[in-house]
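The values are calculated or read from the model by the stated rules, or taken from the named source; none is laboratory data. What you are looking at is a predicted structure, and each value in this text was computed from that prediction instead of being measured. Glycine gets a Cβ as well: all are built from the backbone with ideal geometry, and neighbour counts include every protein chain shown. With ligands, DNA and RNA removed, areas are computed over all heavy atoms of the protein, side chains included. Shrake-Rupley method; radii C 1.70, N 1.55, O 1.52, S 1.80 Å.
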Amino acid sequence: MEPNPQSEKWPLWEVFIRARQGLDHKHAGSLYAADARMAIENARDVYTRRNEGISIWVVESNHIHASNPSESDSLYDPANDKVYRHPSFYHLPDELKNI
Amino acid sequence: MHSSEQELFNHKIDQEVRIEPKDWMPEDYRRMLIRQMSQHAHSEIVGMLPEGNWITRAPSLRRKATLIAKVQDEAGHGLYLYSATETLGITRDETIEQLHAGKAKYSSIFNYPTLSWADIGAIGWLVDGAAIMNQVPLCRASYGPYARAMIRICKEESFHQRQGFEILLTLSRGSQAQKEMCQDAINRWWWPSLMMFGPNDDASPNSQRSMQWKIKRFTNDELRQKFVDVCVDQVKILGMGLPDKDLKWNAETGHYDFGEINWEEFYEVLKGNGPCNHERLEARKKAHAEGRWVREAAAAHSMKKNNLNTREIYGTQSAK
């Protein structure tokens, strides 16, 4: 039978792993799989071979939307001049305790 | 705009800020990474073949379990690297196609045969040892996805080298025949392992560029020297020797001098004339071809389950 590259196309999935109870799921990598179940099973085999995780999320990569580096200025610069959002901005006497 | 993007890129490289997939990067940088990372990925996958040869014949259940785990790791390492390569704008299919068409290279070491069980020990100790020497500095490579893949790989790979050394150590304490097997494997794998670091610095035109871009951190010869120094001490624990009559301590340099590498052999293997080049590539192509029906069946099953018609699915995928 002639190879038909279209008929064997699997979508790309992004894999997120929760390392321990109480932690967030963190991006671990990506893989191809025909469906969500296969993606989770493959993620188990690839990303949790040494007890790295106790929970897996997979999401098809084409559902992830990302900000663009060219937008960095408009997105993140405004935070630069708002140091008053950090506790160290406020000068208080050393005697003041429990604050 | 272009020059300022180039400046921003240079600035990031200078300041050790990692380059990420969506950042602007020079085309040559992208090309160099695609070439190096895909070669690296292919090496992991092809590297499974010489070892797979011994899984069914491993001498004990313990050895079999560890060898399977090691080969499975290598499949994972191939995946990490293919995924990282894809972030540079080349598809997985394209990289695999380049391998199967003989256009992309993989590490020349995997074109040597694994003749005895001791070879599995020698591969772990020397081949993985050389790979680790190369890979540890790549954990600081300037391209983020590559560096992250390398961190994961290095973490997993240290067991590979230890299990290899343990195999050789066991043989070195065995019968006379086992000792000879151990020495024979070291003899055959030593020089090809030294070749893994690539051509001498003066014959490696890409190295300088790669170091300027902070993809590589050390030259081929620096890493090779480090490897030789380490192995000379380690082989003593095995009570074995390294097959190099020119090997001797140089008090002036603080390193071991070693003999001339047979570069003619290296380039011949690279050109495709090594003992197993043909066999390795055929095995890869066969596995890919024979797995086709599985890929198709899984895709068909998924499609049916999602109750989508084929036009919809393929329409969106071919649109990119």
Between helix B:128-138 and chain B, what is the angle of the helix's C-alpha long axis to the longest principal axis, kept within 0 to 90° and rounded to the nearest 10? 50 degrees
Please find, in a Gaussian network model of chain A (springs between Cα atoms separated by less than 10 Å), the residue of A:Pro87, A:Pro69, A:Pro11 whose mean-square fluctuation is greatest. A:Pro87
Any idea what the relative contact order of chain B is, in percent, if you count C-alpha pairs under 8 Å spaced at least 6 apart? 18 percent
Ordered by number, the residues of region A:6-33 that have at least 30 Å² less accessible area in the complete protein assembly than on their own chain alone (1.4 Å probe) are A:Gln6, A:Ser7, A:Glu8, A:Lys9, A:Trp10, A:Ser30, A:Tyr32
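How much accessible area per residue does chain B have, counting only protein heavy atoms and a probe of 1.4 Å, in square angstrom?
On the way: 15790 Å² over 320 residues.
It amounts to 49 Å² per residue over chain B.
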Shielding by partners for A:69-75, please: the mean number of other protein chain Cβ atoms within 10 Å of each residue's Cβ. 2
If we count every other residue with Cβ under 10 angstrom of B:Asp23's Cβ, Lys/Arg +1 and Asp/Glu -1, where does the sum land? +1
Quick check: the distance between the Cα centres of region A:17-79 and region B:107-141, to the nearest angstrom? 30 Å
Running a GNM on chain A with Cα contacts under 10 Å, which residue among A:His86, A:His65, A:His25 ends up with the highest mean-square fluctuation? A:His86
GNM flexibility winner over chain B from B:Trp213, B:Trp189, B:Trp249 (Cα, springs under 10 Å): B:Trp249
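For chain A, give the percent of accessible area contributed by carbon and sulfur heavy atoms, probe 1.4 Å, rounded to a whole number.
Roughly 53 percent, rounded to a whole number.
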Long-range HN-HN contacts of A:Gly29 with modeled amide H, under 5 Å: A:Val15
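Just to be sure I understand: if you take the accessible area of chain B alone plus chain A alone and subtract the pair, with a 1.4 Å probe, what total do you get in Å², rounded to 100? Before the final figure, lay out each step's value.
On the way: alone 16890 and 8620 Å², together 23270 Å².
Between B and A, the summed buried area is about 2200 Å².
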What percentage of the solvent-accessible surface of region B:156-205, computed with a 1.4 Å probe over protein heavy atoms, is contributed by carbon and sulfur atoms? 51 percent
I need the shape label for chain B. Rule: rounded when a/c is under 1.5, else prolate if a/b > b/c, else oblate, with a, b, c from the alpha carbon gyration tensor. oblate
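Too long at a 30 Å Cα-Cα cut-off: which of B:Lys64/B:Lys248; B:Lys105/B:Lys286; B:Lys22/B:Lys226; B:Lys70/B:Lys285; B:Lys103/B:Lys248; B:Lys64/B:Lys236? Walk me through the numbers before you get to the answer.
Values: B:Lys64/B:Lys248 37 Å; B:Lys105/B:Lys286 18 Å; B:Lys22/B:Lys226 36 Å; B:Lys70/B:Lys285 22 Å; B:Lys103/B:Lys248 40 Å; B:Lys64/B:Lys236 27 Å.
Beyond 30 Å: B:Lys64/B:Lys248; B:Lys22/B:Lys226; B:Lys103/B:Lys248.
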Name the residues of region B:48-73 whose accessible area, probed at 1.4 Å, falls by at least 20 Å² once all protein chains are in place instead of their chain on its own? B:Gln72, B:Asp73
Could you work out what % of the accessible surface of region B:1-74 is carbon and sulfur, using a 1.4 angstrom probe and leaving DNA, RNA and ligands out of the count? 57 percent
Per residue, how much accessible area does region A:5-63 show when a 1.4 Å probe rolls over the protein heavy atoms, in square angstrom? 58 Å²
Using the Cα gyration tensor of chain A, the equivalent ellipsoid's semi-axes, largest first and to the nearest Å, work out to 44, 22, 8
